[in-house]
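To start, the structure under review is shown below, and the notes come after it.
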Amino acid sequence: MLNCFSGRLIHNPCLAPKLFLFKLFADSSLAYDFFRILRLPQVGCQTGSIYWGEPGTNGQHSFYQLIHQGTRLIPCDFLGFVQPLNPLGRHHDLLMANVLAQAEALAFGKTAQEARVEGTPEWLVPHKTFEGNRPSSTILLERLTPMALGKLVALYEHRVFTQGAIWHIDSFDQWGVELGKALAARIIPELDTETDDQLTHDSSTNELIRRSRSNKRLYGLAIGERC
């Protein structure tokens, strides 16, 4: 949606929950967002952003650097919970401190002068300078409960619905998937036959079908065999 209203290319947004029990939440949000089909004639701008991410320090030590200093602007949603489900010393406070600190760093960055004041060698100053003004949202819930999870799922699903309403498209149809299913119905019997009949697909698909048949024979699988 941001791509339609800003002059700057916004890349696929990142979900960064700070709780490992939330590891699969980004995947479920991805499934919602994939319902929105790229339809340039109807919409006239880029659609179908891909939600991705990792929880906790796994994300922090793998792709946060890309979000801070990458050449593409990547919006980020930080998901945090005030109360831990499994208290372990100061562990949860350390995680929560990183939630707040990363959001602050993305927003305000660090100037070259601030880096020099810290005693940074001049050759290292460009590497320790951060432009800031990188968008993020911090969603802070009291505790991870079934109700809290349901609210988050509803939030991201409603986001997809709302964008469809603005663009005047049905966010939850799957015409591209249906096209693939129709083509698969043609290919299934062609994979099951022994005869090398005249295939009517494109040259690449025809060759892949022939290769699939030959590999079945090579490994002793009967044509038409079901697992």
Next on the checklist: Where the second residue is surrounded by fewer than 12 Cβ atoms within 10 Å (Cβ to Cβ) and among the polar types (S, T, N, Q) and the first is more than 30 Å from LYS110 (Cα to Cα) and lies in the stretch 133-156, which pairs have Cβ atoms under 9 Å and are six or more apart or on separate chains?
Outcome noted: GLU142/GLN83; ARG143/GLN83; LEU144/GLN83
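Pull up the stretch 167-185, narrow it to residues that are among the charged types (D, E, K, R) and open to solvent by 70 Å² or more (accessible area, probe 1.4 Å), then point me to the one that is nearest to CYS45 (Cα to Cα).
Across the stretch 167-185, the extreme among qualifying residues is ASP170.
Okay, residues lined up against (1) at pLDDT below 75; (2) within 18 Å of LEU152 (Cβ to Cβ):
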site: LEU24; (1), (2): yes, yes
site: ILE37; (1), (2): yes, no
site: SER62; (1), (2): no, no
site: PRO75; (1), (2): no, yes
site: GLU114; (1), (2): no, no
Checklist outcome for this item: Checked pairs for the stretch 82-95, first under 12 Å from GLY56 (Cα atoms), second open to solvent by less than 100 Å² (accessible area, probe 1.4 Å), C-beta under 7 Å and 6 or more apart or across chains, list as HIS92/PRO84; LEU95/LYS18; LEU95/GLY56
Checklist entry - Considering the stretch 136-152 alone, what residues qualify as being farther than 17 Å from GLY80 by Cβ and either at pLDDT 95 or above or open to solvent by less than 90 Å² (accessible area, probe 1.4 Å) (or both)? => result GLY150
Item to check | Subset of the stretch 69-99 [among the charged types (D, E, K, R), open to solvent by 40 Å² or more (accessible area, probe 1.4 Å) and in contact with a Leu (Cβ under 8 Å, 6 or more places away or on another chain)] | outcome: ARG72
Item to check | Number of the condition not met by ARG159 [criteria: (1) open to solvent by less than 70 Å² (accessible area, probe 1.4 Å); (2) modelled with pLDDT of 90 or more; (3) of a type outside the set (Ser, Thr, Tyr); (4) closer than 26 Å to ILE74 by Cα] | outcome: (2)
Checklist entry - Is it the case that some residue within the stretch 127-146 is part of a helix (DSSP H, G or I), more than 19 Å from the chain's Cα centre (by Cα) and either β-branched (Val, Ile, Thr) or over 30 Å from PHE172 (Cα atoms) (or both)? => result yes
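The values are calculated or read from the model by the stated rules, or taken from the named source; none is laboratory data. Keep in mind it's a predicted model, so treat the numbers as computed, not measured. Note that each Cβ is placed from the backbone with ideal geometry, even for glycine, and that neighbours are counted across all protein chains shown. The protein model used for the area step is the full one, side chains on, heavy atoms only, and it has no ligands, DNA or RNA in it. Shrake-Rupley method; radii C 1.70, N 1.55, O 1.52, S 1.80 Å.
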